[in-house]
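Asker: A single structure is presented below for examination.
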Amino acid sequence: MSEPKNFESPKPEPVRYNFSQIEKKWQEFWDENKTFRAMEDPKFPKDKRYYVLDMFPYPSGAGLHVGHPEGYTATDILARYKRMKGFNVLHPMGWDAFGLPAEQYAVKTGVHPAITTKDNIDNFRRQLKMLGFSYDWDREVDTTNPKYFKWTQWIFLQLHKKGLAYIAEVPVNWCPELGTVLANEEVPEQVEKGFTVIRKPMRQWMLKITAYADRLLEDLNILDWPESIKEMQRNWIGKSEGAEIFFSLKNSDEKIKVFTTRPDTIFGATYLVLAPEHLLADRITTDKQKPVVEKYRRETSLKSDMERTELAKEKSGVWTGACAINPASGEEIPIWIADYVLVSYGTGAIMAVPAHDTRDFEFARKFDLEIRVVIQPEGEAPLDSKTMTEAHSHIGVMVNSKNFNGIKSNEEKGFKNPAILAVVESLEKQGVASRTIHYKLRDWLFSRQRYWGEPFPLIHRQDGTIETVDEKYLPLTLPTVESYKPAGTGESPLASIAEWVNTADQSGKPALRETNTMPQWAGSCWYYLRYCDPHNDAVFCDPKKESYWMPVDMYVGGGEHAVLHLLYARFWHKVLFDLKLVNTPEPFMKLVNQGIILGEDSQKMSKSRGNVVNPDQIIEKYGADSIRLYEMFMGPLTQTKPWNTNGVEGVYRFLQRVWRLYTDEQGNLSGKIQDVDPSIELMRVLHKTIRKITDDIESLSFNTAISQMMIFVNELTPIEIRPRKIVEPFILLLAPFAPHLAEEIWAILGHTKSLAYQAFPEYDTALTVDDEVTIVLQVNGKLRDKLQLKKGTDKSITEQMAKEKVASWIQGKEILKVVFVPDKLVNIVVKG
């Protein structure tokens, strides 16, 4: 909101602490008065605008469990605090509502996904409002609303125009029972449910995210994100400097191209491995080996990439019957097929160096293949390939490598490593290698064979070319269907709706609509921008509003989105930046991942385990302020911790003590609260509390802030006369954490305006520093006593008092020296 409004607060009810009445009253008040509505007020300079964002939820039929509000409570505390600190705050909420679960439910029940999605959203919204979060509900977005996905489709068209969208035949995770392609991260969940997932080539829409790989890597350096998350993104992108090396086939003109980051180990390459899908696999396999190779390839097609590359899995593979020539050593080496090599990474073929690569070592041990040491560690016992128990993948000196012996392979990667450079230069002179850069990152598979997703605004002409739907006809909406079940042929249910599929191109000739739909990721790639201007039908976001709010100052969400959502959103944002549609190269400047709240059995909450705790039940018994406070009090925000309902009881009792601190038995203002000048001791208690809570909110250390509140209440409770100048500021400190109770007590104190925009208390530094300090007294470094003195006491006085205090330990002994640390320590060194 741009500035505080002079709206009248409801008059306090003359009752004891009744959280049900109090919370309902203030939630209605905030709704009716649009207390948290954000406006683009130019009076606020750029450094006084704050965009705090939650990763918006998928509204499942199960509703929220108590783990969900953790991150939402943290951002709400921050949003409320920033408003009170004079910031113009944008704090929105919406729904990532397209997705597979709604479609699966539709297949089972015949209920349209739009109906179940609306019901789920209504329930989620009810629960979030019940928790008192200060969202600007006027900015609510829903990715399934045509007014929203009109602009998802529009952004896709910009990607298409820029040459970043294309069709390709690619191997995918195909689920026959669900009749759709699954993303890698979706596979484990569906396999756990009993569904089959196989690998098969299919026609898919792809987005060229690889064109932005370097920028996605480089710009991680400007982000205030956890280093672990940035490292996960770096590994996912997987930029590797190395060499492509060609291995000739024995008795053939065919060549196998491998990519390696360790060309310095080529003399230890004792076999090659191809991915089962490699195009050469058919051509090089001998007739004798064909049956076992074909059987193995069929078995591999039933596995996901995750299963195939799992480090702990048992290695498997088959020999093709063919051999290659190692270009460095001239030796014949066998060519194998194994599922731990993916056709989608590098060249789909590797030179296997078992002495110096963990997976190759395990494979070689299992199939009794040669292991040859070519890098010896310096200063250690020589490695013996016969007795090695694991691969040596570290640095050392080249051995068994002909004229390269003795060259050190150091910690430098790429061509800064002298051994790597020497080997590659030699292979380049032979014409069998070239320096190159590879990425693990693959182009983004962007289509699904589902009904419940954004339709592609594309038309297939009769001549095989593709035409984009004119932007003026967006949104392209979903047709009504009788069955949501895919045909099982690789087509989505949309393919069976002839009246929708059959259309005309711009020249009037018959044409067909694209029947795949976009993945759920599409709507979540840009939602943070739509919050800036959610009701604009002319553009996806007014440039002035985007410039006013962006970038996001604080983004909070689960670590499960550490790579894909964040990578995809950053990619889309950079495309929009290149098109001059947004003003920042990155969308999210600071990122925090909240920890997981486990069930009371210390296991992840799930229906199957029966350990899910419904927040409705907790709120009914203890109130929203109690659950908010408890979730922040459990421990550091970023840590995983188990739920304990008994812990909510303790926080609830604390809130009751707060209530009693301010009110009498009838719920009116206590007569103990008086307009009297507080003592200096009470002023110190207050200002230490203000400082501690301010610092803790800024660092997101909410658990220790709440501990300080408890200390404050314990200090004030026994006092018969409670100065208003002490107790009134405390309510403002409590407000971001327990807003309902704080608003009610603020009104009881006689205020007629909401405290939402009341200035957050400031502390006086002088009042946060104790007058007295504890001086540690030592004799010959051993603790002997302590001394309470006024801070800053003169050295000579401190030493004299110290000598008197430890007289029995130094009596009759020669004092050699006295070590004095101001306000901390006196150590008397004696002889004898």
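Asker: Would you please name the residue that is farthest from residue 733 (Cα to Cα), looking only at residues in the range 684-695 that are touching a Leu at 6+ places or on another chain (Cβ under 6 Å) and at pLDDT 95 or above? Can you show your working first?
Answerer: Filtering the range 684-695 for residues touching a Leu at 6+ places or on another chain (Cβ under 6 Å) gives 684, 687, 693.
Now narrow it down to the ones that are at pLDDT 95 or above: 687, 693.
Working: 687: 11, 693: 7 Å.
Selected residue: 687.
Asker: Looking at the range 461-484, I want the residues that are closer than 21 Å to residue 161 by Cα and have a partner that is of a type outside the set (Val, Ile, Thr) and surrounded by fewer than 10 Cβ atoms within 10 Å (Cβ to Cβ) with Cβ atoms under 9 Å, at least 6 apart or on another chain. Which pairs are those?
Answerer: 461/507
Asker: Output the residues belonging to the range 26-51 that are surrounded by 16 or more Cβ atoms within 10 Å (Cβ to Cβ), in contact with a Pro (Cβ under 9 Å, 6 or more places away or on another chain) and either free of Cβ contacts under 8 Å to residues at least 40 places away in the same chain or not in a helix (DSSP H, G or I) (or both).
Answerer: Answer for the range 26-51, where residues must be surrounded by 16 or more Cβ atoms within 10 Å (Cβ to Cβ), in contact with a Pro (Cβ under 9 Å, 6 or more places away or on another chain) and either free of Cβ contacts under 8 Å to residues at least 40 places away in the same chain or not in a helix (DSSP H, G or I) (or both): 38, 51.
Asker: Collect the residues in the range 357-380 that are under 22 Å from residue 317 (Cβ atoms), touching a residue at least 12 places away in the same chain (Cβ under 8 Å) and either open to solvent by 20 Å² or more (accessible area, probe 1.4 Å) or in contact with a Gly (Cβ under 6 Å, 6 or more places away or on another chain) (or both), keeping them in residue-number order.
Answerer: Here is the first cut: in the range 357-380, the ones under 22 Å from residue 317 (Cβ atoms) are 357-372.
Then drop every residue that is not touching a residue at least 12 places away in the same chain (Cβ under 8 Å), which leaves 357-364, 366-367, 369-372.
Scanning the range 357-380 gives 357, 358, 359, 362, 366, 367, 369, 370, 372.
Asker: Ok, one more. Kindly list the number of the only condition in (1) over 30 Å from residue 638 (Cα atoms); (2) assigned to a helix (DSSP H, G or I); (3) not hydroxyl-bearing (Ser, Thr, Tyr) that fails for residue 678.
Answerer: (2)
Asker: Next question. Go over the candidates 177, 189, 169 one by one and state the one that is free of Cβ contacts under 8 Å to residues at least 60 places away in the same chain and part of a strand (DSSP E or B). Lay out the reasoning, then the answer.
Answerer: Details: 177 fails: part of a strand (DSSP E or B); 189 fails: part of a strand (DSSP E or B).
Going through 177, 189, 169 in turn, the sole match is 169.
Asker: If you don't mind, another one. Which of (1) open to solvent by 50 Å² or more (accessible area, probe 1.4 Å); (2) within 34 Å of the chain's Cα centre (by Cα) is the odd one out, the single condition residue 392 does not satisfy?
Answerer: (1) is the only condition that residue 392 fails.
Yes/no matrix, rows are residues, columns are (1) β-branched (Val, Ile, Thr); (2) at pLDDT below 95:
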| residue | (1), (2) |
| --- | --- |
| 281 | no, yes |
| 289 | no, no |
| 301 | no, yes |
| 311 | no, yes |
| 315 | no, yes |
| 333 | yes, no |
| 337 | yes, no |
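Asker: Let me confirm something: among 237, 256, which residue is in contact (Cβ under 8 Å) with a residue 40 or more places away in the chain, within 24 Å of residue 318 (Cβ to Cβ), in contact with a Leu (Cβ under 8 Å, 6 or more places away or on another chain) and of a type in the set (A, V, I, L, M)? Please lay out each step first, then the result.
Answerer: Working: 237 fails: within 24 Å of residue 318 (Cβ to Cβ).
One residue alone meets the criteria, 256.
Asker: Would you check which residues across the range 441-475 are in contact with a helix residue (DSSP H, G or I) (Cβ under 6 Å, 6 or more places away or on another chain), within 19 Å of residue 499 (Cβ to Cβ) and modelled with pLDDT of 95 or more and list them?
Answerer: 457, 475
Asker: Considering only the range 379-392, how many residues are in contact with a strand residue (DSSP E or B) (Cβ under 9 Å, 6 or more places away or on another chain) and closer than 21 Å to residue 242 by Cα?
Answerer: Residues in the range 379-392 being in contact with a strand residue (DSSP E or B) (Cβ under 9 Å, 6 or more places away or on another chain) and closer than 21 Å to residue 242 by Cα: 1 in total.
Asker: Based on this model, can you work out whether residue 501 counts as within 32 Å of the chain's Cα centre (by Cα), closer than 22 Å to residue 478 by Cα, among the β-branched types (Val, Ile, Thr) and surrounded by fewer than 20 Cβ atoms within 10 Å (Cβ to Cβ)? Break it down into steps so the answer makes sense when it comes.
Answerer: On the way: within 32 Å of the chain's Cα centre (by Cα): no; closer than 22 Å to residue 478 by Cα: yes; among the β-branched types (Val, Ile, Thr): yes; surrounded by fewer than 20 Cβ atoms within 10 Å (Cβ to Cβ): yes.
The answer is no for residue 501.
Asker: If residue 777 satisfies all but one of (1) open to solvent by less than 20 Å² (accessible area, probe 1.4 Å); (2) free of Cβ contacts under 8 Å to residues at least 24 places away in the same chain; (3) of a type in the set (A, V, I, L, M); (4) not in a helix (DSSP H, G or I), what's the number of the condition it fails?
Answerer: (2)
Asker: Right, next: Which ones in the range 806-822 are crowded, with 16+ Cβ neighbours inside 10 Å and either part of a helix (DSSP H, G or I) or among the acidic types (Asp, Glu) (or both)?
Answerer: 809, 810
Asker: Looking at residue 602, is it at positive phi and part of a loop (DSSP other than H, G, I, E, B)? Explain how you work it out, then say what you get.
Answerer: Details: at positive phi: yes; part of a loop (DSSP other than H, G, I, E, B): yes.
Criteria met by residue 602.
Asker: Looking at residue 144 and the list (1) closer than 25 Å to residue 536 by Cα; (2) in contact with a Ser or Thr (Cβ under 8 Å, 6 or more places away or on another chain); (3) assigned to a helix (DSSP H, G or I); (4) not aromatic (Phe, Trp, Tyr), which single condition is not satisfied?
Answerer: That leaves (3) as the condition not met.
Asker: Moving to a separate point now. Which of the residues spanning the range 557-596 are of a type in the set (A, V, I, L, M, F, W, C), open to solvent by 10 Å² or more (accessible area, probe 1.4 Å) and not in a loop (DSSP other than H, G, I, E, B)?
Answerer: Once the filter is applied, which keeps residues that are of a type in the set (A, V, I, L, M, F, W, C), open to solvent by 10 Å² or more (accessible area, probe 1.4 Å) and not in a loop (DSSP other than H, G, I, E, B), the range 557-596 yields 564, 577, 592.
Quick grid of which residues meet (1) aromatic (Phe, Trp, Tyr); (2) crowded, with 19+ Cβ neighbours inside 10 Å; (3) under 33 Å from the mean Cα position of the chain (by Cα):
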{"position": "475", "(1), (2), (3)": "no, yes, yes"}
{"position": "478", "(1), (2), (3)": "no, yes, yes"}
{"position": "496", "(1), (2), (3)": "no, no, no"}
{"position": "514", "(1), (2), (3)": "no, yes, yes"}
{"position": "528", "(1), (2), (3)": "yes, yes, yes"}
{"position": "532", "(1), (2), (3)": "no, yes, yes"}
{"position": "536", "(1), (2), (3)": "no, no, yes"}
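Asker: How many residues are on the phi < 0 side of the Ramachandran plot and loosely packed, with under 11 Cβ neighbours inside 10 Å when one looks only at the range 745-769? It would help to see each step written out before you state the result.
Answerer: Start the filter on the range 745-769 by keeping residues that are on the phi < 0 side of the Ramachandran plot, which leaves 745-749, 751-769.
Applying the additional criterion that residues be loosely packed, with under 11 Cβ neighbours inside 10 Å yields 765-766.
Adding up the residues that qualify gives 2.
Asker: Look through 737, 712 and report the one residue that is of a type outside the set (Val, Ile, Thr), closer than 14 Å to residue 654 by Cβ, part of a loop (DSSP other than H, G, I, E, B) and open to solvent by less than 30 Å² (accessible area, probe 1.4 Å). Can you show your working first?
Answerer: Details: 712 fails: part of a loop (DSSP other than H, G, I, E, B).
Being of a type outside the set (Val, Ile, Thr), closer than 14 Å to residue 654 by Cβ, part of a loop (DSSP other than H, G, I, E, B) and open to solvent by less than 30 Å² (accessible area, probe 1.4 Å) holds for just one of 737, 712, which is 737.
Asker: Of all residues in the range 786-804, count the ones that are under 20 Å from residue 770 (Cβ atoms), open to solvent by 50 Å² or more (accessible area, probe 1.4 Å) and not polar (S, T, N, Q). Give the derivation first.
Answerer: Initial filter on the range 786-804 (under 20 Å from residue 770 (Cβ atoms)): 786-795, 797-798, 801-802.
Restricting the remaining residues to those that are open to solvent by 50 Å² or more (accessible area, probe 1.4 Å) gives 786, 788, 790-792, 794-795, 797, 801.
After this cut, where a residue has to be not polar (S, T, N, Q) as well, the list is 786, 790-792, 794-795, 797, 801.
Counting residues in the range 786-804 that are under 20 Å from residue 770 (Cβ atoms), open to solvent by 50 Å² or more (accessible area, probe 1.4 Å) and not polar (S, T, N, Q) gives 8.
Asker: Which one of these is free of Cβ contacts under 8 Å to residues at least 40 places away in the same chain, over 21 Å from residue 668 (Cβ atoms), assigned to a helix (DSSP H, G or I) and not aliphatic (A, V, I, L, M): 803, 786?
Answerer: Working: 786 fails: assigned to a helix (DSSP H, G or I).
The unique qualifying residue is 803.
Yes/no matrix, rows are residues, columns are (1) surrounded by 21 or more Cβ atoms within 10 Å (Cβ to Cβ); (2) out of contact with any Ser or Thr (no Cβ under 7 Å at 6 or more places or on another chain):
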| residue | (1), (2) |
| --- | --- |
| 220 | no, yes |
| 229 | no, yes |
| 232 | no, yes |
| 235 | no, yes |
| 239 | no, yes |
| 243 | yes, no |
| 246 | no, yes |
| 256 | yes, yes |
| 259 | no, no |
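Asker: Also, I was wondering about something else. Test residue 494 against the stated conditions and say whether it is under 30 Å from residue 450 (Cα atoms) and either assigned to a helix (DSSP H, G or I) or in contact (Cβ under 8 Å) with a residue 12 or more places away in the chain (or both). Even if it seems obvious, please write down each step before you answer.
Answerer: Working: under 30 Å from residue 450 (Cα atoms): yes; either assigned to a helix (DSSP H, G or I) or in contact (Cβ under 8 Å) with a residue 12 or more places away in the chain (or both): yes.
In short, yes.
Asker: Test each condition in (1) surrounded by 22 or more Cβ atoms within 10 Å (Cβ to Cβ); (2) in contact with a Phe, Trp or Tyr (Cβ under 6 Å, 6 or more places away or on another chain) for residue 96 and report the one that comes out false.
Answerer: Condition (1) is where residue 96 drops out.
Asker: Of the residues 421, 383, which is free of Cβ contacts under 8 Å to residues at least 40 places away in the same chain, open to solvent by 10 Å² or more (accessible area, probe 1.4 Å) and assigned to a helix (DSSP H, G or I)?
Answerer: On the way: 383 fails: assigned to a helix (DSSP H, G or I).
The conditions single out 421.
The values are calculated or read from the model by the stated rules, or taken from the named source; none is laboratory data. What you see is a predicted model; the values in this text were computed from it and never measured. For neighbour counting, all protein chains shown are included, and Cβ atoms are generated from backbone atoms with ideal geometry for every residue, glycine included. Ligands, DNA and RNA are excluded from the accessible area calculation, which covers all protein heavy atoms including side chains. Shrake-Rupley method; radii C 1.70, N 1.55, O 1.52, S 1.80 Å.
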